[in-house]
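All remarks here apply to the structure that follows.
The values are calculated or read from the model by the stated rules, or taken from the named source; none is laboratory data. What you see is a predicted model; the values in this text were computed from it and never measured. Methodologically, a virtual Cβ is constructed for each residue, glycine included, from the backbone with ideal geometry; neighbour enumeration extends over all protein chains shown.
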Amino acid sequence: MQQDLNTISHESLEYTACPLCATDKPNQNKQFIFEPFRVVQCTACQLWYLSPRLREPEMLKAYASPDYFKGGGEFGYSQQQGSYLEQENALRLTFRKFIHQLKRRGMTGGHLLEVGCSYGFLLEEAAPLFDSLTGTDFDSDAVKRIKQLGFRAIQGGVEALPDCYDLILATGVIEHIYNPIQFVKQLRQHLSGWIVLATPPMNSFWLKLQGKNWPSFKIPEHVTYYDHHTLTELFRRCGATQTIRLAYPQAYPLGMIGEKLGFSIPASLAKYNLWLPATMFAVAARFNTPSDD
Ligand SMILES: [Zn+2]
């Protein structure tokens, strides 16, 4: 099901102004080129974003394909290295650590919504700290599994959320969102406590080391690339009254690290996990009252 990026038709592409501040002045001197796509930086607010990018309906079509979630993907650059289920152990460790950081900050309890919950590993790790848990995902298999685990599940995006939540959490989601301001404002209407977004940091030393091979350049799925400054600015533009920077250390199986860096790891060691800094970061935000805009 792989499709070479070079065969993508011109009609399925669009140039866009900055998705954060709407300025249409990308820096012409420093760009990451993945023909026919480019990751460019807004000269006004410093957000990095994909332009040209795939038109959103085309992207949603790819997300709707069952292969996408099995790690096959439709596009050449976006092959996931090892499926999500193979990383289960490392992901659970990562989520457990992150949830406990949220607990220390008094952000847990009540009703949790996880946007983009995939197979529910985070929900399972968080379950002891909340009264009720809901997950959303585009993948019907994931939604089925979430229900089997006893959580509430919503298939699709965040357009029609039924409830209000004490904590809304989305890890690895915001970089996929074409209109991040609309996305956060939509969530804000269903929020009584904190919203936490976690995403790969565009100012990471991994990017400086790896350049275009940085694994978080998932083209064409990742359409925005944040750092602490621009993610905080997103919340500020949506009316946040308080924001907090959070660390997000991630555990990875050694075998996967070796694969990404081009080393071969003995099979006996491949399953062990190593904590890596600066592969993700998070910002928490809260708002005074639910927005009506
Ligand atoms: Zn901008």
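Values as computed for the structure displayed
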| item | result |
| --- | --- |
| Qualifying positions in the range 1-36 - among the charged types (D, E, K, R), modelled with pLDDT of 95 or more and more than 14 Å from the ligand (Cβ to nearest atom) | E14 |
| Check on D131, surrounded by fewer than 16 Cβ atoms within 10 Å (Cβ to Cβ), at negative phi and modelled with pLDDT under 95 | no |
| Within the range 174-190, tally of residues that are in a loop (DSSP other than H, G, I, E, B) and crowded, with 19+ Cβ neighbours inside 10 Å | 2 |
| Selection count where residues are of a type in the set (D, E) and free of Cβ contacts under 8 Å to residues at least 24 places away in the same chain, scope the range 102-151 | 2 |
| Candidate set: the range 240-256, residues that are of a type outside the set (K, R) and surrounded by fewer than 16 Cβ atoms within 10 Å (Cβ to Cβ); chosen: the one farthest from the chain's Cα centre (by Cα) | T241 |
| Scope the range 232-260; condition among the small types (G, A, S) and at pLDDT 95 or above; matching residues | G239, A240 |
| Enumeration of residues in the range 212-258 that are under 30 Å from A64 (Cα atoms) and either out of contact with any helix residue (DSSP H, G or I) (no Cβ under 9 Å at 6 or more places or on another chain) or aromatic (F, W, Y) (or both) | K212, W214, F217, Y225, Y226, D227, T230, F235, Y248, Y252, I257 |
| Residue tally, condition over 13 Å from E221 (Cα atoms) and modelled with pLDDT of 95 or more, over the range 37-65 | 9 |
| Residue in the range 213-235 that is surrounded by the most Cβ atoms within 10 Å (Cβ to Cβ), counting only those that are out of contact with any strand residue (DSSP E or B) (no Cβ under 6 Å at 6 or more places or on another chain) and within 22 Å of I8 (Cα to Cα) | H222 |
